[in-house]
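The values are calculated or read from the model by the stated rules, or taken from the named source; none is laboratory data. The structure displayed is predicted, hence computed values, not measured ones. Quick reminder, even Gly has a Cβ in these numbers, built from the backbone with ideal geometry, and neighbours come from all protein chains shown.
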Amino acid sequence: MDYKVFLISFELATSTTLVLGVVGIFIAYFLAFNKSILSDIIEPFIMSPLVLPPTVLGFYIIYIFGLGSPIGQFLNHLGIKLVFNFKGLLFGSIIYSMPFAVSPVLSGFRSVPKSIIEASYTLGKSKFYTLLKVIIPNSKYSIVSALVLVFAHTIGEFGVVLMVGGDIPDKTRTASIAIFDYVQELNYKDANITALILFGIAMSTLIFLQILKRLQER
Amino acid sequence: MMEISIETRFFKFDIKLSKSQILGILGPSGIGKTTTLRAIAGLEDAKGKIVVDNEVWLDENISLPPQKRSVGFVFQDFALFPNMKVIDNIAYASSKEKALEILKAFNIEHLKDKYPNKISGGERQRVAIARAIARNPKMLLMDEPFSALDRKTKHFIQDKIIEFANTYKFYTIFVAHDLGDIFKLSDFVFSVEDQRLLSKEEFEEYSLSLT
């Protein structure tokens, strides 16, 4: 059995969670507090992976960032390749998991009472200081939920990672892809073990979120 | 000297105050009193002019954001930060030393290590007033600041506000429903319905005419 697939999945999930932990907060902040039409245009794009088939997203990532496109050629010129390697896998995961990072944080930010944000402003504090000291601490459960969801979702990703990563052993082959490969090879034993481990991770995540919800209600 | 001549979507507001003076705004609900306070603080759009100690906060070219207007704002819902203890709420825009001094002055030192959700409404209101004063504002703006206080505490806090306004020379504008609160605290009263600025004596006659 290929144990490296768990390491790649774990590395991918951790990196995606770390990147989206920061990026997701700023995007959610923009969407929650920017009243311009721009936020109305951006929000559907951010949320689109929720409804798009992963293959569509994976196809566009290959199409736009592959070596056949001007953007891909330009990035290649800079020494950046975003297809069929771990960087590409990470890039695809970030895009695909974006709504799972942004959505809970966005609803957390929107539920922070407007008056406490305004109180911080009238006390002379900047928008950034208010975000750090008032908005984020009062949305901490939403932020933790988002991070846990992104981690679990990335661990279980299949379509995008297959399209963008290309199922290269020891490089881009994740646990979820390995299950597919084991089944193709009729290796049900390894497929079963890998599936059980992913099932355990998914259930632990959901139980953790349930505990978090209880804590928040207290 | 402070001069405000603004127009919100509700009414025109034209007043001048000297340092330490207190103005009460009187009027029925829904007439835009809170909006006026918010406009002065920079939380709502308004047209007109606000000049405080020769510093322009608002005119046709300038509109300072709330962060740049030196105000202490007491919100109707108190707006205390739930994630911070009482002492940290008050020290948010000042220092722990200043916060302790104000807590002592307001007789709420015993609350310093409690979180806002563990204290009563009246206590929260006192903390909100203390926080607004602790930041050393040029102008104290209060929206229904005594609604959750019992009579004895209310008088105590009102005396403290007068004392702080005289010591730290800030201007005070507040909104209240209770004629007694307006009478006790105000040097002037702005009657929204009549669009008139009344002196204390004129207000006394006015309130007698209401009874």
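Which one is nearest to the other protein chains (Cβ to nearest Cβ) among residues in segment B:110-129 that are among the aliphatic types (A, V, I, L, M) and more than 11 Å from the chain's Cα centre (by Cα)?
The residue in question is B:Val127.
Quick test of your reading of the structure: B:Phe10 fulfils all but one of (1) buried (at least 16 other Cβ atoms within 10 Å of the Cβ); (2) within 10 Å of chain A (Cβ to nearest Cβ); (3) assigned to a loop (DSSP other than H, G, I, E, B). Name the failing condition by number.
(2)
Please go through segment B:55-99 and pick out each residue that is without any contact (Cβ under 8 Å) to a residue 40 or more places away in the chain and of a type in the set (S, T, N, Q).
B:Asn61, B:Ser63, B:Gln67, B:Asn83, B:Ser95
Kindly indicate which of B:Ser20, B:Ser5 is small (Gly, Ala, Ser), surrounded by fewer than 19 Cβ atoms within 10 Å (Cβ to Cβ), assigned to a loop (DSSP other than H, G, I, E, B) and more than 14 Å from chain A (Cβ to nearest Cβ).
So the residue among B:Ser20, B:Ser5 that is small (Gly, Ala, Ser), surrounded by fewer than 19 Cβ atoms within 10 Å (Cβ to Cβ), assigned to a loop (DSSP other than H, G, I, E, B) and more than 14 Å from chain A (Cβ to nearest Cβ) is B:Ser20.
Anything in segment B:25-55 that is under 21 Å from B:Gly180 (Cα atoms) and either within 12 Å of chain A (Cβ to nearest Cβ) or surrounded by fewer than 18 Cβ atoms within 10 Å (Cβ to Cβ) (or both)? List them, or say none.
Of everything in segment B:25-55, those that are under 21 Å from B:Gly180 (Cα atoms) and either within 12 Å of chain A (Cβ to nearest Cβ) or surrounded by fewer than 18 Cβ atoms within 10 Å (Cβ to Cβ) (or both) turn out to be B:Pro28, B:Ser29, B:Gly30, B:Ile31, B:Thr34, B:Leu37.
Can you tell me which condition A:Val161 does not meet? The list is (1) of a type in the set (Val, Ile, Thr); (2) touching a residue at least 12 places away in the same chain (Cβ under 8 Å); (3) surrounded by fewer than 24 Cβ atoms within 10 Å (Cβ to Cβ), and all the others hold.
Answer for A:Val161: the failing condition is (3).
Starting from residues that are crowded, with 22+ Cβ neighbours inside 10 Å and over 29 Å from B:Leu140 (Cβ atoms), keep the ones in segment A:122-146 and report whichever is nearest to the other protein chains (Cβ to nearest Cβ).
Result: A:Ser139.
Please verify whether segment B:56-74 includes one or more residues that are modelled with pLDDT of 90 or more, within 11 Å of chain A (Cβ to nearest Cβ) and at positive phi.
The answer is no; no qualifying residue exists.
Name the residues in segment B:75-92 that are of a type outside the set (A, V, I, L, M, F, W, C) and within 7 Å of another protein chain (Cβ to nearest Cβ), would you?
Scanning segment B:75-92 gives B:Asp77, B:Pro82, B:Asn83, B:Tyr92.
Among the candidates A:Ile71, A:Ile80, A:Ile94, A:Ile64, which residue alone is closer than 23 Å to A:Ile136 by Cα and surrounded by fewer than 22 Cβ atoms within 10 Å (Cβ to Cβ)?
None of the others qualify; the one that does is A:Ile94.
Criterion first (of a type in the set (A, V, I, L, M), surrounded by 23 or more Cβ atoms within 10 Å (Cβ to Cβ) and within 14 Å of chain B (Cβ to nearest Cβ)) does A:Ala119 satisfy it?
yes
For residues that are farther than 27 Å from A:Phe100 by Cα, loosely packed, with under 12 Cβ neighbours inside 10 Å and hydrophobic (A, V, I, L, M, F, W, C), tally how many sit in segment A:182-211.
Number satisfying all stated conditions: 1.
When you scan segment B:90-109, do you find a residue that is over 18 Å from the mean Cα position of the chain (by Cα), under 20 Å from B:Ser147 (Cβ atoms) and either modelled with pLDDT of 95 or more or not assigned by TED's automatic domain parsing to the domain that holds B:Lys12 (or both), even just one?
There is at least one residue in segment B:90-109 that is over 18 Å from the mean Cα position of the chain (by Cα), under 20 Å from B:Ser147 (Cβ atoms) and either modelled with pLDDT of 95 or more or not assigned by TED's automatic domain parsing to the domain that holds B:Lys12 (or both).
Of A:Ser69, A:Ser39, A:Ser15, A:Ser9, which residue is touching a helix residue (DSSP H, G or I) at 6+ places or on another chain (Cβ under 6 Å) and without any contact (Cβ under 8 Å) to a residue 40 or more places away in the chain? Walk me through it before giving the result.
Values: A:Ser69 fails: touching a helix residue (DSSP H, G or I) at 6+ places or on another chain (Cβ under 6 Å); A:Ser15 fails: without any contact (Cβ under 8 Å) to a residue 40 or more places away in the chain; A:Ser9 fails: without any contact (Cβ under 8 Å) to a residue 40 or more places away in the chain.
The unique qualifying residue is A:Ser39.
For segment A:164-188, enumerate the residues that are in a helix (DSSP H, G or I), touching a residue at least 60 places away in the same chain (Cβ under 8 Å) and within 19 Å of A:Ile201 (Cα to Cα).
Step one: of segment A:164-188, the residues in a helix (DSSP H, G or I) are A:164-165, A:175-184, A:188.
This time we only want the ones that are touching a residue at least 60 places away in the same chain (Cβ under 8 Å), so: A:164-165, A:175-178.
Hits for segment A:164-188 are A:Ala175, A:Ser176, A:Ile177, A:Ala178.
Somewhere in segment B:92-108, is a residue touching a strand residue (DSSP E or B) at 6+ places or on another chain (Cβ under 8 Å) and either surrounded by fewer than 18 Cβ atoms within 10 Å (Cβ to Cβ) or more than 30 Å from A:Glu217 (Cβ to Cβ) (or both)?
No, that holds for no residue.
Quick one: would you say A:Leu89 is away from every other protein chain (no Cβ under 14 Å), in contact (Cβ under 8 Å) with a residue 60 or more places away in the chain and closer than 30 Å to A:Lys35 by Cβ? Let's see the steps before the verdict.
Details: away from every other protein chain (no Cβ under 14 Å): yes; in contact (Cβ under 8 Å) with a residue 60 or more places away in the chain: yes; closer than 30 Å to A:Lys35 by Cβ: no.
When the stated conditions are applied, A:Leu89 does not pass them.
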